[in-house]
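Here is the structure we will look at.
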Amino acid sequence: MFERVKAGWRLARATRKLIMTDKKLFLYPFTMVAFALIAAVAYFFLFAGLVFGFLGLPTLSFSNLSSLSGVIFIAASALFYIIIGFISVYVTIAMYLSFKKFEEGEHIGVFESLGMAKSYSKLALEWALFYFIVLAILRMIEKRIRGIGGAILGIVGGMALAAATLFAIPSITENRVGPIKAAKDSYHVIYRYFGSVFGGFAYVDLVSLGIVFAGFVLFIVSLLLILPALGLYLGIIGIASGIVIIVIGMVFYSVFSNIFRLILFDYVQGKGLPKNFDATEETVKMAIKRRRGRSGPGPQDSQS
């Protein structure tokens, strides 16, 4: 078992080396944030219109959420959440398409990959709606069941949702399937392989967390010593550097974890490994070993 964990570790390390050869992948988290900020600004103006009564909207009354303004506010909030989910899925698909093109020897820009992702718009929206509805149902059930029962239900529901989403976007990208089939594919991959590649996911988390932690330590130390020891300018530089390192760690985690999932999903689907992948077939087979069960057929695993 320990050998399989180490093999999963080596598999993640090979993925890290691979994504560092295509550094434009690190632009996609910033693209995602930029689109999310645009959506947030639009939502803010809608919210401000409800509160202050401009934009031709009825003034929002917090004391009566059953009023028309309350209904509009709740609907706008739900729509905002769905839009953010859509942006996340859409940009991730664009990143996957860019990575695929890079592996084929073709270099495309961010905007070109976003254009290629247009054919997935309907599927991305369907997934965003599906995720929102499932999450809303879980939260309503949790509120209805209080105490330990509600807490347990929340944990179990959260784990089930995580299993249904971990490999969902790779499934949508590669198989062009709807949310139900994507969730089913994700569950099957989790059920059969996740324990085997735990070392790989641990590597992704530890490396990313290490970068974020280093930035956090630099930020705190600079903040505490800004006046007595470092001086104003050095302190500001230290604080800014800490923030930059934290952002780098978060961006690195976003790209690393997503590409790692795509590579795993492709391999267990029988599509092989990317070109220039610094891991042997034996290492991958050791890291990814199918768990036999009675859950019915899942993704093809002819390589395992």
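Read the figures in this text as sums done on the coordinates, not as results from a lab. Treat the numbers as computed from the prediction; the structure is a model and nothing was measured. Every residue, glycine as well, gets a Cβ built from its backbone with ideal geometry; the counts of neighbours run over all protein chains shown.
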task = Tell me the GluC sites (Glu not before Pro) within region 82-147 that lie in a loop according to DSSP and have at most 16 other beta-carbon atoms within 10 Å.
result = Glu104, Glu106
key: Residue order, fewest to most surrounding Cβ atoms within 10 angstrom, among Arg176, Arg10, Arg261, Arg144   = Arg144, Arg176, Arg10, Arg261
